[in-house]
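Here's the structure we're looking at; comments come further down.
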Amino acid sequence: MKPLIAVFFVSILFFASCNLNDDNDNIEKEINLTEKAAQIVEADNKFGLELFQRVVDYDDKDNIMVSPLSISLALAMTYNGADGETKTAMEKTLKLHGLTTQEINESYEMLVDALKSVDEKVLLEIANAIFYRQGFIVEQDFVSTNQNYYNAEVSPLDFGNPTSVDVINNWVADKTHDKITSIIDQISPQHVMFLLNAIYFKGVWQTEFNKESTIDYPFNLENGSNQMVKMMSRLDTLDYSKNDLFRAIRLPYGKGNYSMYVFLPEHGKSVEDITGQLNNDNWKNWMANFKETNSVEIMLPKFKFKYDIKLNDVLIDMGMGVAFTGAADFTGINKAGNLNIDFVKHKTFVDVNEEGTEAAAVTIVGIELTSAGGEDEIPFIVNKPFLFAITEKDTGSILFIGKVSSPEYLED
């Protein structure tokens, strides 16, 4: 079986440094979205869950994580330059049907603003940028829309100068606090534009794990063997859920708006069995079935890893194929057309330890000139492959989703 992949949206997840331990205000804030913004969250989650399923099928790496939010934001900026069949294909792939372009842009603006401001104990930074070839004509409406709604930095660059690669990679490193330091290696003569999203997240657990309680503990691998991992532990009262497919817990950060969900397959089940049931209806039902439960014995491995994937094949399979071909219509970027998507690359980073979680994601879309072509203790011992997701409570937005088959903790 192929390992489960953590899904991250096309963007970079970025957290700024600030005091996460200020206890002056522990009152949980609420997010109230408009009807259209709520539809955006619904669309993003549908897109992200399907993308995650397909990445799991596509990639055989043990540990995978993606940011649906990052990917969606990068593609939403690109969508503003699409027209005709290309625009329709992107709408269907991103699950945006039923919303006008204006509603999409306004809703993303509202969602991002809400996510960044809801909990000052959680650092969440989201940045967007567009770099284009110096001398290439870009439609002003395309530039203005992405600046106004996505706060995108828009800059011309001399793509013929090798230092342009460094400029783009330095932007990535800066916005992810050096957790992701590069996204491209070279710029071809056909490339005319790069659209980027970066997200950085840093959250401290509401209840931290005691470092002295972390022990070496065997973790069962998919091949039947086991490896020793650093296992964090504590006894707690928290939201817990159980069904025939999995047992799961919710670990809140900060004031409680953001949480990590950990899904542990039941005996005889696998992570692939869970991902096979991943769809928006099931996800909402699963979220609704968590109940506050006393005396849950948590044992969770520390893990830290990086992941990267080129998403072309996955997005093509999801229905966006025309955008990668000579038939693409991106006349909203340049009226002359003759543009298509060359690649969509996604990189992520995650560090889960006793204090909390740090995560980052970057998505880049490369545009090129078209060429011809009870009271008892309940054990929750995460000692086998598992699924995790980081979400926001009021919106239901999935920031990250992933699978861990072989916990790693890479030292800096």
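The numbers here are math on the coordinates, done by the rules we state, and not lab data. Since the model is a prediction, treat every value here as computed from it, not as a measurement. Reconstructed Cβ throughout: ideal geometry from the backbone, glycine too, with neighbour counts over all protein chains shown.
Would you tally the net charge around GLN277, using a Cβ to Cβ cut-off of less than 13 Å, leaving GLN277 out, and scoring K and R as +1, D and E as -1? Present the calculation step by step, with values, prior to reporting the outcome.
Numbers: positive: LYS269, LYS284; negative: GLU50, ASP244, GLU266, GLU272, ASP273, ASP281.
Around GLN277, the surrounding residues sum to -4.
Would you please give the FRET efficiency between LYS335 and ALA288, computed as 1/(1 + (r/R0)^6) with r the Cβ-Cβ distance and R0 = 30 Å, to the nearest 0.05?
Values: r = 48 Å, r/R0 = 1.61.
According to the calculation, E is roughly 0.05.
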Item to complete: Compute the length gained on full extension between GLU109 and ASP174: take 0.36 nm times their separation in residues and subtract their Cα-Cα distance, giving the result in nm to one decimal.
Response: 21.2 nm
Worksheet entry | Protection-proxy order for peptides 265-277, 210-222, each taking the mean of Cβ atoms within 10 Å per residue, highest first | 265-277, 210-222
